[in-house]
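The values are calculated or read from the model by the stated rules, or taken from the named source; none is laboratory data. What you are looking at is a predicted structure, and each value in this text was computed from that prediction instead of being measured. So basically every Cβ, Gly included, is an ideal-geometry build from the backbone, and we count neighbours across all protein chains shown. These accessible areas exclude ligands, DNA and RNA; they are computed on the full protein's heavy atoms, side chains included. Shrake-Rupley method; radii C 1.70, N 1.55, O 1.52, S 1.80 Å.
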Amino acid sequence: MANENEQVMPERESMDFDVVIVGAGPAGLAAAIRLKQLNEDLSVVVIEKGSEVGAHIVSGAVIDPIAVDRLLPEWRKEKDTPFKTPVKDDQFLFLGPAGSLRIPNFMLPKLMNNHGNFVVSLGNVCRWLAEKAEALGVEIFPGFAAAEILYDDQDRVIGVATGDMGIGRDGKPKPGFERGMALLGKYVFLGEGVRGSLSKKIIGKFGLSEGREPTKFGIGIKELWQVAPEKHKQGLVRHSFGWPLGNQAGGGSFLYHLEDNQVAVGFVTHLNYENPWLSPFEEFQRFKTHPSIRDVFEGGKRISYGARAITEGGYQSVPKLAFPGGVLIGCSAGFVNVPRIKGSHNAMLSGMLAAEKTYEALEQGRAQDELSAYEDEWRSSDIGKDLYKVRNVKPLWSKYGLYIGIALGGLDMWTNELFGFSFFGTQKHGKADFEALKPADSCKKISYPKPDGKISFDRLSSVFLSATNHEEDQPIHLKLKDEDLQLSSEWKVFQGPSNRYCPAGVYEWMSEDDGSEPKFVINSQNCVHCKTCDIKDPNQNINWTVPEGAGGPNYPNM
């Protein structure tokens, strides 16, 4: 019997499908399309926490069309597609504090060549894929966050539940409250992207990372600019490494010239950095002031901003992909090729492979079992071949630093490409990113210049451009496991790195004039869903959970 203070929730309504897909990213949409291509009578639903398809998608992006060619072989005959800008000029720079050195293209392994690829807005690619999926009969529900995994009495996954709508900050239903929906499927695909909240639970529950190297991550921060016509070179792709990070942390930049005088610029910082005073956001702002970069943006206008964590563990870190009743696809599995700064093609290929193995299972009358064929075949597929060639680049960089690590990584890619083997075997990543931070008093403070408001900017004006919005009177979706630990360790040992690694100004340490202990403040309304806090907090004390559906950024064309 419920106690009089307990809130009794109504039962969820439910809907049944053959396949439930969480996440309308490249992987989820490719999976949905492939399922319907194989059997138009299959019932397939895709749920997406963003307000619309593409609203939460942020990526460089230069896309390898291998997966699109296989999924939709007639696409190149269409007049209106998001693939408007083929790569025309491919540059790779090493930056010093005052100058740059271009690395000749002939010195780079062939897999680093971007000719034949396209500069795109990945959000617009997803919107286009969603149209294709819906035309085949796929049901897509944007604005619904998958908040819970549903199991049967044998611990098999049987579906997901969307989050309740209209819950107040106090945890009680408000007027207009709506109970979440149970979406039940014979199989569930988790394509939530990097560090998905449900994927994280599934990986832990079924021990999917056992025997694998720790998952590694980076944070990618991106801006979209409208630049002066004379500074625009449609189809130019430029990557760089070196300054401002130097040897203190791994990372690099991208600068892509799209159509309509637009330039996408971004900066990736590997999250295994040691110095808690480092700020990936500030390093990005500083990068844009480099003499070889700044001129592109002078006289231009910044029109959008976003951030997202990136999986960087690659071949060694991919968890077991199949579990009872479902699979991991896309960046939930970790298929990014780090040196290429590409993952969308592998995400789509993984969704397609999972769809094919699921179709075979359904044809055999199976349901809720483990799709072991998907797990067994990905390493011998084009996904595995792509990741295997670059498996040592990240660990060599981490172990030996920028200069030696880049040289050894390049040598390793060449030997893999030319001879099919590596002098280094398969290197290990070592410890997880959250274990890398050193105590603040053992590290040098970093002084960052103030933003000029023209080329460099502050966090809050940047978040404004992301159109991020959350219902203010809802439970905070960033959960502290232990409030006391946040003060005793995150503040007293590491001096509050959350204030610096978050690219959206979510976390603050507020000091009082009376000399009392500082207070940890979570500005959850600012959250752009990058997941960096869930990854980098040194005590793993912050747990990112989904907010109310449709909350978060609203990227128009990132």
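Quick one: which strands (runs of 3 or more DSSP E) sit completely within segment 93-167 and have at least 3 residues that are among the aliphatic types (A, V, I, L, M)?
In segment 93-167, the matching strands (runs of 3 or more DSSP E) lie at 146-151, 157-162.
Looking only at residues in segment 368-406 that are within 21 Å of Lys357 (Cβ to Cβ) and hydroxyl-bearing (Ser, Thr, Tyr), which one is nearest to the chain's Cα centre (by Cα)?
Tyr388
Going by the conditions given, is Asp534 among the charged types (D, E, K, R), under 15 Å from Lys479 (Cα atoms) and either surrounded by 20 or more Cβ atoms within 10 Å (Cβ to Cβ) or at pLDDT below 95 (or both)?
Here the answer is yes, as Asp534 does meet what is asked.
For Ile455, indicate whether it is open to solvent by 10 Å² or more (accessible area, probe 1.4 Å) and among the hydrophobic types (A, V, I, L, M, F, W, C).
When the stated conditions are applied, Ile455 does not pass them.
Filter segment 58-106 down to residues that are under 18 Å from Arg340 (Cα atoms) and free of Cβ contacts under 8 Å to residues at least 24 places away in the same chain and give me whichever is surrounded by the most Cβ atoms within 10 Å (Cβ to Cβ).
Applying the filter and picking the extreme gives Ile103.
Can you go through Leu29, Leu42 and tell me which one is surrounded by fewer than 24 Cβ atoms within 10 Å (Cβ to Cβ), touching a helix residue (DSSP H, G or I) at 6+ places or on another chain (Cβ under 9 Å) and at pLDDT 95 or above?
Residue meeting the stated conditions: Leu42.
Quick one: what pairs do we get from segment 483-498, first residue among the hydrophobic types (A, V, I, L, M, F, W, C), second crowded, with 16+ Cβ neighbours inside 10 Å and not in a loop (DSSP other than H, G, I, E, B), C-beta under 8 Å, 6+ apart or different chains?
Close Cβ pairs satisfying both conditions: Leu487/Phe520; Trp491/Trp509; Trp491/Phe520; Val493/Ala440; Phe494/Ala440.
Could you tell me whether any residue of segment 271-289 is in contact with a helix residue (DSSP H, G or I) (Cβ under 6 Å, 6 or more places away or on another chain), closer than 19 Å to Ser462 by Cβ and part of a strand (DSSP E or B)?
no
Has segment 198-216 got at least one residue that is of a type outside the set (Gly, Ala, Ser) and in a strand (DSSP E or B)?
No, the conditions are met nowhere in segment 198-216.
Of the residues Gly168, Gly185, which single one is farther than 29 Å from Ala264 by Cβ and crowded, with 17+ Cβ neighbours inside 10 Å?
After ruling out the rest, the residue left standing is Gly185.
Can you tell me which residue within segment 472-497, out of those that are among the acidic types (Asp, Glu) and surrounded by fewer than 17 Cβ atoms within 10 Å (Cβ to Cβ), is farthest from Asp164 (Cα to Cα)? Before the answer, list the steps.
Step one: of segment 472-497, the residues among the acidic types (Asp, Glu) are 472-473, 482-484, 490.
Then drop every residue that is not surrounded by fewer than 17 Cβ atoms within 10 Å (Cβ to Cβ), which leaves 472-473, 482-484.
Details: Glu472: 15, Asp473: 14, Asp482: 25, Glu483: 26, Asp484: 29 Å.
Here the answer is Asp484.
Would you pick out the residues in segment 430-447 that are in a helix (DSSP H, G or I), under 14 Å from Gly496 (Cα atoms) and touching a Phe, Trp or Tyr at 6+ places or on another chain (Cβ under 7 Å)?
Ala440, the sole residue that qualifies.
In the list Ile310, Ile341, which residue meets the criterion of being crowded, with 21+ Cβ neighbours inside 10 Å, of a type in the set (A, V, I, L, M, F, W, C) and at pLDDT below 95?
Ile341
Restricting the search to segment 489-509, which residues are basic (Lys, Arg) and either assigned to a loop (DSSP other than H, G, I, E, B) or over 16 Å from Asn526 (Cα atoms) (or both)?
Listed by number, the list holds a single entry, Lys492.
Being assigned to a loop (DSSP other than H, G, I, E, B) and among the basic types (Lys, Arg) is the requirement here; does Arg238 meet it?
Considered against the rule, which asks whether it is assigned to a loop (DSSP other than H, G, I, E, B) and among the basic types (Lys, Arg), Arg238 comes out as no.
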